[in-house]
Amino acid sequence: MARLVATILYAAAATFSAAPAMAAEQCAARGDMIKALGEKFHENPTALGVVNSNVIVEVFVSDQGTWTILASDTRGQSCVVSVGEGWESALKAAALPGT
C-alpha cells in the first residue's frame, strides 16, 4: 500500500512540475493567438466572460465544431485553457408550428 501511495505521489509531482513548461508553450500575445486560431482552425470569437479586473475568458469556435478557450490578461498575454471538438451552441431555434 505504501508503495502505491509513493507511486501516486511521484506521478503527481512529475505532472505538476511539468505543467509550467507546458503552459508557457501555449501562451502568446493575444493578437498572435487570435490570428493563429483563425488561420489554422478557422475559429472565431463566440463568447466572452470577465474573470476579474485583470483577466477575461474567451471562447473561439469554428463551423466544424472545434473550440478553444483562452484566458487573456490586461497586458495582452493569452493562454490556452482548453480545446476540443463537437461544440454545440446552447441556443436552439424554436420550431414554429407548420415548419
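Only the coordinates and a few stated rules stand behind these numbers; no lab work does. Remember, it's a predicted structure, so these values are computed and weren't measured experimentally. Virtual Cβ from ideal backbone geometry, glycine too; neighbours counted across all protein chains shown.
Among the residues of the stretch 36-76, those identified as closer than 19 Å to GLY86 by Cα, of a type in the set (S, T, N, Q) and assigned to a strand (DSSP E or B) are ASN44, THR46, THR68. Annotation note: Cβ proximity below 6 Å between a residue of the stretch 60-79 that is free of Cβ contacts under 8 Å to residues at least 12 places away in the same chain and more than 9 Å from GLU43 (Cβ to Cβ) and a residue that is of a type outside the set (Asp, Glu) and buried (at least 21 other Cβ atoms within 10 Å of the Cβ) (sequence gap 6+ or interchain) occurs for no pair. Restricting VAL59, VAL81, VAL55, VAL50 to those that are closer than 18 Å to CYS27 by Cβ and out of contact with any Ser or Thr (no Cβ under 8 Å at 6 or more places or on another chain) reduces the list to VAL81.
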